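The values are calculated or read from the model by the stated rules, or taken from the named source; none is laboratory data. Given the structure is predicted, the values throughout are model-derived calculations rather than measurements. Cβ sites come from the backbone with ideal geometry, for glycine too, and all protein chains shown count toward neighbours.
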Amino acid sequence: MPIQYYLFLSMALFCIGIMGTLMRRNAIIIFMCIELMLNAVNLLLVAFSKMYADPSAQIFVFFIMVVAAAEVAVGLAIIVMMYRKVHSVDINILNRLKH
Amino acid sequence: MEIHEILFWFLTVMALGCGLGVILSRNPISSVLFLIATFFAISGHYILMNAQFLAIVNIIVYAGAIMVLFLFVIMLMNLNADTEPQKNRLIQFAGVLSGGILFLVILAALRTTTSNAADFTSTDIGLMKNLGKVLFTQYVLPFEISSVLFLSAMIGAIVIGKKE
């Protein structure tokens with residue numbers, strides 16, 4: 001498969017993630033869309049790693065997965081704490097930093 | 001078409017369709033299930049590119065650990081389609097429009113990239129033996145630092161999540 005196909009596929013996945021982040025109001029769905037964007041970047045890194053026959057890119061993908069796992073643990077803990085306080089995951093309610 | 005191309009197109013359609021399902025479905029539970037299907041499609045792409053270690057890690061870490069965490073939190077909060085807040089039509093349309101415009105801009109910028117498909121041959125760098133050799137020689141310090149990151153994330157999640 002030519003590299004462009006992987007380029008366009010991961011671009012499309014990344015843009016789907018951006019659309020979801022802008023469209024939805026549920027904080028958990030927005031978080032999931034961020035995961036989708038991270039995975040699109042991972043896919044492109046693996047494709048480039050195969051193109052240049054360089055294992056460093058796959059190590060980077062491994063570290064991205066590690067950081068994503070840590071980020072999800074902390075982020076979900078924050079969302080659970082906010083839900084306990086305001087009984088909602090609507091981001092229009094979670095805007096106290098704005099005022 | 002040979003089997004490789006058929007699998008590529010099948011996995012591409014599956015990834016994009018399930019990705020759209022994530023952002024379009026009303027129910028958060030079905031969003032999570034669509035996202036798991038997307039991760040399986042991406043793992044299939046990794047296997048097609050002979051990156052078997054990352055395919056397995058993707059399934060174990062993402063589909064196995066992270067998405068189960070999401071499912072737990074959603075079920076804990078008892079969210080469903082009725083309580084799901086919706087943005088108004090105008091903001092949804094603006095979100096889709098800006099995402100689509102970004103897609104068009106990157107598409108226009110990368111449309112003329114030349115393919116060196118000759119370089120895109122079968123390699124065995126994605127196998128566990130080669131990756132392990134690189135990870136534990138060249139990248140051993142980031143690997144150890146990431147374990148400290150995990151520990152701090154674990155403690156941070158417990159401290160944030162516990163009732164005061």
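I'm told A:GLY17 meets every condition in (1) more than 7 Å from every other protein chain (Cβ to nearest Cβ); (2) surrounded by fewer than 23 Cβ atoms within 10 Å (Cβ to Cβ) except one. Can you identify the failing condition by its number?
Looking at each condition in turn, A:GLY17 falls short on (2).
Does B:MET67 fit the bill of being under 18 Å from A:VAL89 (Cβ atoms), crowded, with 17+ Cβ neighbours inside 10 Å and in contact (Cβ under 8 Å) with a residue 12 or more places away in the chain?
The answer is yes for B:MET67.
Go through (1) facing chain B (nearest Cβ under 7 Å); (2) surrounded by 23 or more Cβ atoms within 10 Å (Cβ to Cβ); (3) of a type outside the set (S, T, N, Q) and name the single condition A:PHE63 misses.
In the conditions (1) facing chain B (nearest Cβ under 7 Å); (2) surrounded by 23 or more Cβ atoms within 10 Å (Cβ to Cβ); (3) of a type outside the set (S, T, N, Q), A:PHE63 misses (2) alone.
Take the range B:93-147 and flag every residue that is surrounded by 13 or more Cβ atoms within 10 Å (Cβ to Cβ) and modelled with pLDDT under 80.
The answer is B:SER115, B:PHE120, B:THR123, B:ILE125, B:GLY126.
Based on what the data block shows, is A:ALA70 touching a residue at least 40 places away in the same chain (Cβ under 8 Å) and buried (at least 16 other Cβ atoms within 10 Å of the Cβ)?
no
More than 7 Å from every other protein chain (Cβ to nearest Cβ), more than 26 Å from B:ARG89 (Cβ to Cβ), buried (at least 17 other Cβ atoms within 10 Å of the Cβ) and aromatic (Phe, Trp, Tyr), is that true of A:TYR6?
Spelling it out, A:TYR6 is indeed more than 7 Å from every other protein chain (Cβ to nearest Cβ), more than 26 Å from B:ARG89 (Cβ to Cβ), buried (at least 17 other Cβ atoms within 10 Å of the Cβ) and aromatic (Phe, Trp, Tyr).
Could you run through the range A:80-95 and say how many residues are hydrophobic (A, V, I, L, M, F, W, C), facing chain B (nearest Cβ under 8 Å) and surrounded by fewer than 20 Cβ atoms within 10 Å (Cβ to Cβ)?
The qualifying residues number 2.
Within the set of pairs 6 or more residues apart or between chains, which connect a residue that is within 14 Å of B:LEU97 (Cα to Cα) and aliphatic (A, V, I, L, M) inside the range A:1-27 to a residue that is modelled with pLDDT under 90 and outside any helix (DSSP H, G or I) with Cβ atoms less than 9 Å apart?
Cβ pairs passing all conditions: A:LEU22/B:LYS87; A:MET23/B:LYS87.
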